[in-house]
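Read the structure below first, then the notes.
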Amino acid sequence: MDVLIANPTSLKGNVLNIQHFCTHDGPGIRTTVFLKACSLRCKWCSNPESIHRRPELAYNRAKCIGKKECGLCLKPPCPEGAFYVIDGTDDRVYVNWDLATDCGAETAAVCPTQALHMFGDEMTVDQVLAEVEQDGSFYRESGGGITLSGGECTVQADFCAALLAEAHRRGINTAIETAGNVPWANYEKVLPHVDLMLHDHKLTDPERHKKWCGADNSRIRDNFKRAYETFPNTKFIARTPLIPGVNDDETHIRAVLAFIRPHPNVIDYELLPYHRYGEAKYEFLGRVFEMEDFKSPTSESLAHLQAIIDEAFGRNRAPIKV
Amino acid sequence: MSTPVQRIAINIGGGYVPGINSVVTGAVLAAVVLGWEVIGIRDGFEGLLFPERYPQGGLLKLTPQLMESLAGATGCVLGTASNTDPFHVRTINPDNCVEEVDRSVELLASVQQEGIDAVISIVDAPGLSILLKLHRKGLKTVCVPKSAENQVAATHLSFGFNSALSFAVEMLEHTRQAAQSARKIAIVEVPGEHAGWLALQSGTAACADVVLIPEIPYDLHKVAATLRAKLKSDRTYGLVVVAEGAVPITGSQPQSNTPATDSLKSSLSPGATGAAGSHVIDHSGYAAETVALELQRLINHETYPLVLGQFAKGGPATAVDRQLGLGYGAAAVRAIHENRTGVMVAFQPPVLKFVPLAEAINKVRTVPSDSVFMQIARSLGIALGD
C-alpha cells in the first residue's frame, strides 16, 4: 500500500504477475513485473486483469468439474445466484458476473480445481525482488534488468518507487512502461529510480483520447514534457500501440514526432502493432471485449509509418513484421 | 405497506424494443387510477445519477395526457441505458484517473430524496440481476421483461417479441421473392443468441425450407440434402432461416476459418457463455455467413447471406405488443399496490403473475424439444438441421 514506512523493502503492493525472460520491454533480457491498477480504460487493453487495483475473481469454465462432482460454489459462503448451472446443458457452473462482483479470495478458495481463481496478489518489495533476482545472470549477460508494467505501474507510486530504488541498490537496471495519466507527484517519486521510461502516445486529439482510453491526454502530455525536462539523464522511448482505424494515421505519428524530437533524451519511437492476445482474459473476467472486429495493421501501413519515424530519426532499418 | 404509496418512478434498462411506450402508458394510467404520481427516470438510472447532464431535469413527470400524445409513436419517451450499472459507474476522478465507482448507495438516497416509493424497471435479462442486487439493498422494484428474442425465463411472452416476429416474417417474404427471382438460396440470420423462438416462429410462418436454432445443433450435410431434394423438383430457390446462435453439431464443424476470436463478448447476461467458457456468438452475421459459405460448397447452387440483426428490434409495436405492454405496465402497478416488490411481472397464460427476481435470473427461455412450434415446423416439412 502507498504509505511511507520505515523499511521500504517491506512495503506491500498489488502485483498481478512476474514474467521472466521478456525481450520487448526494454533492452536485453528482462523480468517484467505487472502491477495492478490502471488510470485509463483503453478499449484494446491486452491486460484487462490488471485494470482494477484490488485482486479480482476470474473463472475458467474449462476447468470446472461440475455440480455433480463438486458444486461447492453453489452453496454458502458464495452469494446466492452468483453461480449457477443451466438445466439441460452439462452441469458445469456459469457465473452471474453482476452478482459475483463482490466475490474475492474466499470464493476462489472453495474451488478445488482452480476454475475460480484470483488475478493479483499482495507482495512486498523483498518478495518481488527475490523472484526477480533469480534471473540476475541473464541481466548481466544481456544488459537487461527489471521492467515495471501494468496496468499503470505508477498508480502505486510508493511501492513502485521503493521497488525500483531497491533494484538500483542491488545493481539492477530499471525500466517502466507508463501511459502517464497520473498526478505529477507520482512521477516525482518514481522517475528518480528509472533508467528507461517506455511511454505511450496513444492518440493526439484529447477528445478522441477520451473516447478510446476513457480520459483525455492533457495531463499525459504535460507529464511527459515535464519528465523529459526534469530528468535529462533518464532515457525515454516513446511508443504507440497502433490500432487500425483509430490512430494508424500519419497525422498522429507526425504529431508525436514533433512532440518528442526537441528532447534528445527521447532516444526512439516504437510502433506496437495491435494484437488480440489478451482476449481470452476478458472471458475469464466476464467482461466484454469491444475490439473483436479490429484487425492488426497491415505490413504496408506499418512500413509506411515506420519509414516516417526512421526518417525523423535519420536512420534506415528493415520494416517491422506484424 | 407501512406508508401508503404516493409516488412511483419508471425507467428503462437495456436497448429499445417496440412497445416500451405502451408499458409506460399502462403503468401511468393504472397509477393515476390509484391516485399516485408517476415520474420517469431518463436513460435508465442516469437521470438520477447524472442530473447535471439534463438541462430540463433527469426526471420527467408522466401524465395520461403526455402518454396519450405518444400513442402509437415509436421510440421511447424516457430514453434507454444499455451501459449504466449503478454498482460500477465509470468515473473520472479529480486526478483525471478513470475508475468504476459503486454509486448504488447514492442512487438509493436519491430515490428516497425524490420521494419515490417504488420503481418499475423495464429490462431485459441482464438488467434483472442488477435490479435484484438493488432490491437486496432496499430498492422497492418491480421489473417488466422485454426481449425481442423472447428469451427471458419465467414469462411465456416478453413484450417486443411479437413486433420483432411480425417484422421478421415480412422480411422473409421479401427475401423469398428476391431469392425466387435471383434463383438463389437466401440464408437469413435473425436475432436469437441463446433462444430460437424468433427464427423458428418466423421461419415457420414464412414456410422456410430450413430453420436452424441454437437448441438443435445442425448437421450441414442434412441441410444440404434437404435443399438438394427440393431443388430437384421444380424449385429454383431456397430460403434458410438461421438464428444467430445456431451452431453445427460436433464433428461437422464448418471448414471455413473459425471466427478469429472463438471467444466471448462475455457475460453481462446469464448464460452468455458457451461450453468452453466462451461466448457462442462472435459477431452479428457470422452464423449466416458460415452457413451460406458451407452450403455453397455442398450443393450446386448459389447462396447469399442476409442479416436482420438490429432491424428486427426497431419500429412500431404490433397490436399484441401494445396490449401486452399496457397489461405489463398495469400489472407492475398492481404488484406495488399489493406490496409485492422484488418481483418480475410474468405472463403465464391466462394470467399475469409476479415471480421473485431470484427465480427469473440465471435462466434462458429456450425452445423445448417438445415445443408445439417444433412439431408444426416438422409437420410442414421444414428441416431443423437434425
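The values are calculated or read from the model by the stated rules, or taken from the named source; none is laboratory data. Here the structure is a predicted model, which means the values were calculated and not measured. Glycine also receives a Cβ, built like all others from the backbone with ideal geometry; neighbour counts cover every protein chain displayed.
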Task: When residues of segment B:306-321 are limited to those that are at pLDDT 90 or above and not hydroxyl-bearing (Ser, Thr, Tyr), the one farthest from B:Gly19 (Cα to Cα) - done: B:Leu306
Open item on the list: Give me the residue from segment B:76-98 that is outside any loop (DSSP other than H, G, I, E, B) and away from chain A (no Cβ under 11 Å) and, out of that set, nearest to A:Lys211 (Cα to Cα).
Closed with: B:Val89
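So that you can scan it fast, the table gives a plain yes or no per residue for (1) polar (S, T, N, Q); (2) surrounded by 21 or more Cβ atoms within 10 Å (Cβ to Cβ); (3) within 14 Å of chain B (Cβ to nearest Cβ):
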residue: A:Ile220; (1), (2), (3): no, yes, yes
residue: A:Arg226; (1), (2), (3): no, no, no
residue: A:Thr230; (1), (2), (3): yes, no, no
residue: A:Glu250; (1), (2), (3): no, no, no
residue: A:Phe294; (1), (2), (3): no, no, yes
residue: A:Thr298; (1), (2), (3): yes, no, no
residue: A:Ala303; (1), (2), (3): no, no, no
TODO: Just give me the residues in segment A:187-199 being away from chain B (no Cβ under 13 Å), of a type outside the set (A, V, I, L, M, F, W, C) and either part of a helix (DSSP H, G or I) or crowded, with 24+ Cβ neighbours inside 10 Å (or both), in sequence order.
DONE: A:Glu188, A:Lys189, A:Pro192, A:His193
Task: Evaluation of A:Leu164 against (1) in contact with a Gly (Cβ under 7 Å, 6 or more places away or on another chain); (2) over 20 Å from A:Gly286 (Cα atoms) (one fails), failing number - done: (1)
TODO: Considering only segment A:148-167, state which residues are touching an Asp or Glu at 6+ places or on another chain (Cβ under 7 Å), away from chain B (no Cβ under 14 Å) and in a helix (DSSP H, G or I).
DONE: A:Asp158, A:Phe159
Open item on the list: If I filter segment B:109-129 down to residues being in a helix (DSSP H, G or I) and surrounded by 24 or more Cβ atoms within 10 Å (Cβ to Cβ), which single residue comes out as nearest to the other protein chains (Cβ to nearest Cβ)?
Closed with: B:Ser129
Open item on the list: Quick check on my filter: what residues within segment A:168-186 are surrounded by fewer than 24 Cβ atoms within 10 Å (Cβ to Cβ), part of a helix (DSSP H, G or I) and either at positive phi or in contact with a helix residue (DSSP H, G or I) (Cβ under 7 Å, 6 or more places away or on another chain) (or both)?
Closed with: A:His168, A:Trp184
Task: Scope segment A:76-98; condition buried (at least 21 other Cβ atoms within 10 Å of the Cβ) and under 19 Å from A:Asn60 (Cβ atoms); matching residues - done: A:Ala82, A:Phe83, A:Arg92, A:Val93, A:Tyr94, A:Val95, A:Asn96, A:Trp97
Open item on the list: Given the condition crowded, with 22+ Cβ neighbours inside 10 Å and farther than 30 Å from B:Val190 by Cβ, answer yes or no: does some residue in segment B:84-94 qualify?
Closed with: yes
TODO: State yes or no: is A:Asn60 crowded, with 20+ Cβ neighbours inside 10 Å and either within 13 Å of chain B (Cβ to nearest Cβ) or more than 26 Å from the chain's Cα centre (by Cα) (or both)?
DONE: no
TODO: Sort out which residues of segment A:200-210 are farther than 21 Å from A:Asp25 by Cβ and either outside any helix (DSSP H, G or I) or within 14 Å of chain B (Cβ to nearest Cβ) (or both), and write them in order of number.
DONE: A:Leu203, A:Thr204, A:Asp205, A:Pro206, A:Glu207, A:His209, A:Lys210
Open item on the list: Testing A:Asn96 on (1) away from chain B (no Cβ under 12 Å); (2) closer than 30 Å to A:Cys64 by Cα; (3) not aliphatic (A, V, I, L, M), one condition comes back false. Which one is that?
Closed with: (1)
Task: Count of segment A:267-279 residues which are out of contact with any strand residue (DSSP E or B) (no Cβ under 8 Å at 6 or more places or on another chain) and buried (at least 17 other Cβ atoms within 10 Å of the Cβ) - done: 2
- [ ] Identify all residues within segment B:135-154 that are buried (at least 24 other Cβ atoms within 10 Å of the Cβ) and either among the hydroxyl-bearing types (Ser, Thr, Tyr) or within 20 Å of B:Val38 (Cα to Cα) (or both); write none if there are none.
- [x] B:Thr141, B:Val142, B:Cys143, B:Val144, B:Pro145, B:Ser147
TODO: Give just the number: which of (1) surrounded by fewer than 22 Cβ atoms within 10 Å (Cβ to Cβ); (2) without any contact (Cβ under 8 Å) to a residue 24 or more places away in the chain does A:Ala108 not satisfy?
DONE: (2)
TODO: Grab the strands (runs of 3 or more DSSP E) fully contained in segment A:1-83, keeping just those with 1 or more residues being basic (Lys, Arg) and touching a residue at least 40 places away in the same chain (Cβ under 8 Å).
DONE: A:12-22, A:30-35
Open item on the list: Condition check: of a type in the set (Phe, Trp, Tyr), more than 14 Å from chain B (Cβ to nearest Cβ), farther than 20 Å from A:Cys213 by Cα and out of contact with any Cys (no Cβ under 6 Å at 6 or more places or on another chain). Does A:Phe313 satisfy that?
Closed with: yes
- [ ] Scan segment A:268-285 for residues that are at the interface with another protein chain (Cβ under 8 Å from one of its Cβ atoms) and closer than 30 Å to A:Ala312 by Cβ and jot them down.
- [x] A:Arg276
- [ ] Provide a single number: the residues in segment A:84-105 that are free of Cβ contacts under 8 Å to residues at least 24 places away in the same chain and closer than 24 Å to B:Pro368 by Cβ.
- [x] 7
TODO: Of the conditions (1) at pLDDT 95 or above; (2) part of a helix (DSSP H, G or I); (3) surrounded by 18 or more Cβ atoms within 10 Å (Cβ to Cβ); (4) not basic (Lys, Arg), B:Val105 clears all except one; give me its number.
DONE: (3)
TODO: Would you point out which residue out of A:Phe259, A:Phe236, A:Phe294, A:Phe289 is outside any helix (DSSP H, G or I), of a type in the set (Phe, Trp, Tyr) and over 18 Å from the mean Cα position of the chain (by Cα)?
DONE: A:Phe294
TODO: May I ask you to list the residues in segment B:124-178 that are more than 21 Å from B:Ile20 (Cβ to Cβ), in contact with a strand residue (DSSP E or B) (Cβ under 7 Å, 6 or more places away or on another chain) and polar (S, T, N, Q)?
DONE: B:Thr175
Task: Top-ranked residue of segment B:360-383 - restricted to ones that are in a helix (DSSP H, G or I) and modelled with pLDDT of 95 or more, ranked as nearest to the other protein chains (Cβ to nearest Cβ) - done: B:Met374
TODO: Return the pairs, sorted by first residue and then second, in which the second residue is of a type in the set (A, V, I, L, M) and at pLDDT below 90, the first residue lies in segment B:240-251 and is under 16 Å from B:Ser202 (Cα atoms), the beta carbons are less than 8 Å apart, and the residues are 6+ apart or on different chains.
DONE: B:Val242/B:Ala287; B:Ala243/B:Ala287; B:Glu244/B:Ile281; B:Glu244/B:Ala287; B:Gly245/B:Val280; B:Gly245/B:Ile281; B:Gly245/B:Ala287; B:Ala246/B:Ala287
Open item on the list: So in segment B:353-386, with the set limited to residues that are polar (S, T, N, Q) and surrounded by 14 or more Cβ atoms within 10 Å (Cβ to Cβ), which one is farthest from B:Pro217 (Cα to Cα)?
Closed with: B:Asn362
Task: Output for segment B:49-75, where each listed residue is outside any helix (DSSP H, G or I) and at pLDDT 85 or above - done: B:Phe50, B:Tyr54, B:Pro55, B:Gln56, B:Gly57, B:Gly58, B:Leu59, B:Leu60, B:Lys61, B:Leu62, B:Thr63
